[in-house]
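Participant: This is the structure I want to talk about, given as structure tokens.
Computed from the coordinates by the stated procedures, all read-outs in this text should not be read as laboratory data. Quick caveat: nothing in here was measured; it's all calculated off a predicted structure. Here the Cβ positions follow ideal geometry from the backbone for every residue, glycine too, while neighbour counts run over all protein chains shown.
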Amino acid sequence: MSGNSHYQQSTLSLHKLGVFCGLAAAVWLGSAEAPTKLVNAGFSPFIISMGMVMGAFVARWTVPTLLKGTGFLFQDLVEKPHLIVWALLAGMLWAVGNTLTIFAVRNVGLAIAFPLWNTNSLVGLFWGWLLFKELRGSGFKGWSKVLGGACAIVGGAAILAVATAQHSDTPGKAAVGIIAALGAGVLLGTMYIPYRKAYISGMNPLSFVTIFTFGELGTVFLLTAINTGGVGPLFHELQRARPMLFWPFLGGFCWVIGDLFQQYAAKYIGIGRGIPLSNTNQLWGLAWGALVFGEMAGLNPSAKLLIFAGSSIMILGALAISMADPGDSELVNWKSAMNRECDRYGLDTQAVTAVVAGDDPHAGKAHKRTWWEILIMCSAVGVFVWLALGTRAQQISISLPWTLVLVAGTLIPLFVCGTLLWRRTRFS
């Protein structure tokens, strides 16, 4: 069997795994945004974002360390040092985009803001086509699914925007929320450029997110310090928010789990397919907003109908894009983009081809565990316990039964998809 045919066969066998990862990402990314409802309790969106990024920072070190060990991560980074700057850039883009999502949730609510910023799938689709030759050679059938899905996403977002503007008591406030959500979509969609660049170069997603977190933490810290008037006032605001800081911290931790699944989806089926599929997280955002927080209680039937119709159209559009399997001609173009990266940075083409196909030669090797890995785990648990002990109930009404149902629905994909990833790729 030739190297080219082996590449195609392996990539095709990973399509279903990528789809499962995209669906698991949707569940966790949707659930992770629920704590942002606390902005309605009078806390600054910057402080909420800072709390989420602190949780994400802890998760981006502990989860990769637990799964692969620091020895594997350092080896991967040493072999591909040119990708470190790209991971930092991705983290910076996410930090600004995530802060905009907090403003959007505050102004128009979680159920409305989610689908609007999920237009990032269109941005990611464009960059995937332009820079990484995704969809090149996919034929009429593939293009019709992708373009039809893209039109559905735009149409669904437009319906939701109209519903928000017509039924909000403060139209000006709603307009700011819409702009913030759409702006977040542009930034988050552009963030996927470093994702794809890293994975067609053979970088492991666990290594990528470890560096990613420095970009996001530094950027959010800078934005929050500027907004609050300096480092001193920033720490004062964090202290004031101490009673609720556990929840955005937990949200950031959960977001990283969803992002890891999204990273694997982007690696194995591309950003043009993986990102729209993971963007069905808006369904979970809708579920949390409507069922747990009661966001739709004050809307009339026509507004609710518009919201559900817009959400359904966007979901169908995302699914249409994700189910457009790459054909042989498109896979040849994917391999061409990979070879371009290998030639540009002097990478071992054969080794990168194996990693892209889910067969990383380093994945199955045992890496020696060190004492500082235990310290990392203990520190993470300690931070969670410390924040939990100081947490007080916030004045926000929720439905406890629906909360338990959605929490259970979040845990199931974690174990199912995590098991599939381990068995097929050893998290490579």
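Participant: Can you bin the stretch 365-428 into rounded, prolate or oblate? Criterion: square roots of the alpha carbon gyration tensor eigenvalues sorted a ≥ b ≥ c, rounded for a/c under 1.5, prolate for a/b above b/c, oblate for the rest.
Facilitator: Here the stretch 365-428 falls in the oblate category.
Participant: From the P(r) of the chain, can you give the percent of Cα pairs sitting at distances over 27 Å?
Facilitator: Value for the chain: 50 percent of Cα pairs lie more than 27 Å apart.
Participant: Tell me the Kirkwood hydrodynamic radius of the stretch 190-292 in angstroms, computed as one over the mean inverse distance between distinct C-alpha pairs.
Facilitator: Radius from the Kirkwood sum: 15.9 Å.
Participant: Can you list the lysines whose alpha carbon is less than 29 Å from that of Lys133, not counting same-chain residues fewer than 8 positions off?
Facilitator: The reachable lysines, counting only those whose Cα sits under 29 Å from Lys133, are Lys16, Lys80, Lys141, Lys145, Lys197, Lys267, Lys335.
Participant: Quick one: order Leu375, Leu135 by neighbouring beta-carbon count within 10 Å, fewest to most.
Facilitator: With the sparsest Cβ surroundings first, the list reads Leu375, Leu135.
Participant: Still on this structure, I have one more. What nm value, rounded to one decimal, do you get for the distance between Phe415 and Met377 when each label is placed 7 Å out toward the C-beta?
Facilitator: With each label point 7 Å from Cα toward Cβ, the separation is 2.0 nm.
Participant: Here's a follow-up. Given R₀ = 22 Å, FRET efficiency for Leu389-Gln239 by Cβ-Cβ distance, to 0.05?
Facilitator: 0.90
Participant: As a footprinting exposure proxy, order His236, His362 by other Cβ within 10 Å, with the fewest listed first.
Facilitator: Result, fewest neighbours first: His236, His362.
Participant: If exposed means no more than 13 neighbouring beta carbons inside 10 Å and the site is in a DSSP loop, what's the longest run of the chain without any exposed trypsin sites (Lys or Arg not before Pro)?
Facilitator: Free of exposed loop sites, the longest segment is 1-364.
Participant: Applying 1/(1 + (r/R0)^6) with R0 = 22 Å to the Cβ-Cβ distance of Lys304 and Ala158, what FRET efficiency is obtained, to the nearest 0.05?
Facilitator: After rounding to 0.05, the efficiency reads 0.80.
Participant: Starting from the Cα-Cα distance between Met323 and Ala408, subtract it from 0.36 nm times their residue separation and give me the gain in nm to one decimal.
Facilitator: 27.9 nm
Participant: For the chain, what's the relative contact order in percent, using C-alpha pairs closer than 8 Å and at least 6 residues apart?
Facilitator: 34
Participant: Would you compute, from DSSP H runs of 4+ residues alone, the mean residue ellipticity of the chain at 222 nm, taking -39500 (n - 2.57) per run and dividing by the full residue count, rounded to the nearest 500?
Facilitator: -26000 deg cm²/dmol
Participant: Rounded, prolate or oblate: pick one for the stretch 54-147, where a ≥ b ≥ c are the square roots of the eigenvalues of its C-alpha gyration tensor, a/c under 1.5 means rounded, and failing that, prolate if a/b is larger than b/c, else oblate.
Facilitator: Because a/c hits 1.5 or more and a/b fails to exceed b/c, the stretch 54-147 counts as oblate.
Participant: So, in nm, how far is label Ala351 from label Phe221 when the simple model puts each one 7 Å beyond its Cα toward the Cβ?
Facilitator: 3.3
Participant: While we're looking at this one, here's another question. Kindly identify the stretch 245-295 as rounded, prolate or oblate by the Cα gyration tensor criterion: order the square roots of the eigenvalues as a ≥ b ≥ c, call it rounded if a/c is under 1.5, otherwise compare a/b with b/c, prolate if a/b is larger, else oblate.
Facilitator: oblate
Participant: Can you tell which of Gly69, Gly109, Gly252 shows the greatest fluctuation in a Gaussian network model of the chain with Cα springs below 10 Å?
Facilitator: Result: Gly69 has the largest fluctuation of those listed.
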